[in-house]
1. Could you pull out the residue among C108, C56, C96 that is assigned by TED's automatic domain parsing to the domain that holds P12, without any contact (Cβ under 8 Å) to a residue 40 or more places away in the chain and among the hydrophobic types (A, V, I, L, M, F, W, C)?
2. What do you reckon, is E65 buried (at least 18 other Cβ atoms within 10 Å of the Cβ) and under 33 Å from the mean Cα position of the chain (by Cα)?
3. Can you give me the number of residues within the range 26-37 that are part of a loop (DSSP other than H, G, I, E, B) and farther than 17 Å from I80 by Cβ?
4. Examine the range 106-115 for a residue that is in a loop (DSSP other than H, G, I, E, B), among the hydrophobic types (A, V, I, L, M, F, W, C) and either in contact with a helix residue (DSSP H, G or I) (Cβ under 9 Å, 6 or more places away or on another chain) or surrounded by 21 or more Cβ atoms within 10 Å (Cβ to Cβ) (or both), and state whether such a residue exists.
5. Quick check on I154: is it touching a Phe, Trp or Tyr at 6+ places or on another chain (Cβ under 7 Å), in a helix (DSSP H, G or I) and modelled with pLDDT of 70 or more?
6. Where in the range 300-408 are the strands (runs of 3 or more DSSP E), entirely inside, with at least 1 residues that are at pLDDT below 90 and within 30 Å of S176 (Cβ to Cβ)?
7. Among the residues of the range 33-82, which ones are within 21 Å of L95 (Cβ to Cβ), of a type in the set (G, A, S) and at pLDDT below 85?
8. Being at pLDDT 75 or above, touching a Lys or Arg at 6+ places or on another chain (Cβ under 6 Å), of a type outside the set (V, I, T) and surrounded by 15 or more Cβ atoms within 10 Å (Cβ to Cβ) is true for just one of L281, L261, L250, L288. Which residue is that?
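The values are calculated or read from the model by the stated rules, or taken from the named source; none is laboratory data. Predicted model only: the values in this text are computed from it and were never measured. Here the Cβ is made from the backbone with ideal geometry for all residues, glycine too, and neighbour counts use every protein chain on show.
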Amino acid sequence: MGNHLITEKLKPLCMFINLILFGIALFQYYIDGRPADIPDLWDTQFYFLVVVAFVCILLAVALAEKPGAIIPLVLSLISIVVAVTPEGNRIGIRLCLFAATAISGGLCVPPPFNLAMGPVVIFAAFASIRTELAWDVWLVKPDYSERLGSIVVIAALFSISAAFAYAIRTIREQGSEIGNLENTIAQLTTANIGFQEYAKYVEEQSREMERKRITKEIHDIIGYTLTTVIMLLREAKLYIAGNTPMKNILDEADQQCQSGLAETRQSLRQLRSIETAAVPLVDAIRKLAYSFQHATGVQVQVDFGNAIGEVSESTQNTIIRLLQEGMTNALRHGKASKIMISFWVHEGFLIIDMMDNGRGTTEFNEGIGLAGMRENISALGGEFCAGPITGGFKLTAHIPLKEAGHGA
């Protein structure tokens, strides 16, 4: 998109230069009139040829940076040669028209074709100056210094325009490379954050598997041991007759073992049934900020204001996606080194402000990511806005918390 923008800005500049030079040539012809001893019919022919040349140059400007631009430029050059031939020693008109062609050739024709336009224009200008006879009228040729000066001026203007066009194309290519690097950085950042989240997920799964393994081993060891003790106690009671103190002690031990075995099994059963709890929003935001800062080196400052309670799953997902998109854009487009995020709950709404110290932009176009965030927040009944500010970029979201029963 940036490359296309440079080309579109180059076209009005080229048109403006041509308009000025052709205007000067026509004004000078209007003031000076046609050359002496040239038929009256020449006035109409001159204006017609100049208009044709100007239209051809405009066509070349419209085809800027395409090889086809050289065709209308050659046609324009032919019209100009015919138009300026009777001018004789009047250098001004000739210089303006050939200069317009030289500048257009340097700016509009892509390399290496534009390098051929300079010599062609200079040869045409030199040929028109050398002509001595037109309509059986002998023309007064410019002196050597005037001829050399006009050729030098035309060559200089062509060289400047060609160098300017080369600089524009170089900047455009560098911009394209920078854009590719930005995309790569954004992809690597996203992948890095994803890997860290996956590592945390694997860690949680491993912890859960280890917990279940330990509970199984405890169940097997303690269950087997207590069951054996109970069986031994019951066997011992068979050898004690009557209601003696020893039998009462064995009965009490039997009951304690059975109760302990039942409670152990219940506790282990509950421990195994515990699922990995959902990460609270505040903790999820802290982890996201830490992961992004660790992966990119961008300082992320988070202020939770009057704190955030529990929110619905859809609201939490929307908030996390909003922060991910905002931080990624701050790095990718703004080249920010610091991001400040604040949260505040007011009248049933969670207000999120994210600001960065990036380079900002005067031409802000909402991309697919931010447009998607706007749609998601609107679906929750909230509001979203984003745009450049002095010294960076800011986005603000108002998200209702009624679903989670959150008050002000």
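1. Working: C108 fails: without any contact (Cβ under 8 Å) to a residue 40 or more places away in the chain; C96 fails: without any contact (Cβ under 8 Å) to a residue 40 or more places away in the chain.
Residue meeting the stated conditions: C56.
2. Numbers: buried (at least 18 other Cβ atoms within 10 Å of the Cβ): yes; under 33 Å from the mean Cα position of the chain (by Cα): yes.
Yes: the conditions hold for E65.
3. Kept after step one, since they are part of a loop (DSSP other than H, G, I, E, B), are these residues of the range 26-37: 33-37.
Remaining after also requiring farther than 17 Å from I80 by Cβ: 33, 36-37.
Adding up the residues that qualify gives 3.
4. Initially, the range 106-115 is screened for residues in a loop (DSSP other than H, G, I, E, B), giving 109-113.
In the following step, the residues that additionally are among the hydrophobic types (A, V, I, L, M, F, W, C) were identified as 109, 113.
Keeping just the survivors that are either in contact with a helix residue (DSSP H, G or I) (Cβ under 9 Å, 6 or more places away or on another chain) or surrounded by 21 or more Cβ atoms within 10 Å (Cβ to Cβ) (or both) gives 109, 113.
Yes, that holds for at least one residue.
5. It is true that I154 is touching a Phe, Trp or Tyr at 6+ places or on another chain (Cβ under 7 Å), in a helix (DSSP H, G or I) and modelled with pLDDT of 70 or more.
6. Details: elements: 338-346, 349-356, 383-389, 392-400.
Result: 383-389, 392-400.
7. G33, A36 - these are the residues of the range 33-82 that are within 21 Å of L95 (Cβ to Cβ), of a type in the set (G, A, S) and at pLDDT below 85.
8. Details: L281 fails: touching a Lys or Arg at 6+ places or on another chain (Cβ under 6 Å); L261 fails: touching a Lys or Arg at 6+ places or on another chain (Cβ under 6 Å); L288 fails: touching a Lys or Arg at 6+ places or on another chain (Cβ under 6 Å).
Matching residue, one of L281, L261, L250, L288: L250.
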